[in-house]
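The values are calculated or read from the model by the stated rules, or taken from the named source; none is laboratory data. Here the structure is a predicted model, which means the values were calculated and not measured. All Cβ positions, even for glycine, are placed from backbone atoms using ideal geometry, and neighbour counts span all protein chains on display. These area figures cover heavy atoms from the full protein model, side chains too; ligands, DNA and RNA do not enter into them. Shrake-Rupley method; radii C 1.70, N 1.55, O 1.52, S 1.80 Å.
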Amino acid sequence: MTPRVYDRLAAGMSLALLLTLAAGTYFLAQMSLRDTGPAVALAVAHEPDYFVEDLVFTRINTRGEPVFRVSAERMLHYPDDQSSTFDKPVMVSLDPANPRVTLRADRGRTSAEGEVTVLDGNVVMVRDASASEPEMTIRTESATVYSETEIARTDQPVRIERGASVLTGVGMEFNNAARSLRVDSRVQLTWQPPPPTR
């Protein structure tokens, strides 16, 4: 075999090996993209990744003091947006400076950080009586609770019972920190004066 033929043979084998390597790399790259396709689709699906039954947890503030307690019959967590849903949630404020407020509903869902909670179905909020004010109960079908500011809002019809007085309307904002209540429209009030002190 002459050196010239040997050089051509070596060059041809090198070229064949390079083409085989390139084709193999392309094939593996395509297989890898095909394999990650379904995984990416699963990652964006709004499906729960875990659940908890009969849960109770307490949220604390930056000083380590309890702010409110949440309990529920069942919680589902969703990894795509880190939100959670609740069956029969109960939220209780734990601020000793203000009367206790308890919220109940059929269902609830909360944002990733737990700062916004939406309650739906038979929402009942009860503020305990204090030395100067009677117990107050608010009933509506949906409410959004902002835990950082202690504000609850709704655009639904509301019924507010304060002692023996009853106020109804549509739309409301209750600020537990400021101890204020605003009803937006269609307000009707049946006022019962408090009993005389003896």
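Express in Å², to the nearest 10, the accessible area of Ile60 obtained by rolling a 1.4 Å probe over the protein heavy atoms while all chains stay in place.
100
If you place +1 on the Cβ of every Lys and Arg, -1 on the Cβ of every Asp and Glu, and leave all else neutral, what size is the dipole of segment 139-198 about its Cα centre, to the nearest 20 Debye?
Computed charge dipole of segment 139-198: roughly 340 debye.
So which trypsin sites (Lys or Arg not before Pro) in segment 82-167 pass both tests, a DSSP loop state and at most 16 other Cβ atoms within 10 Å of the Cβ?
Arg100
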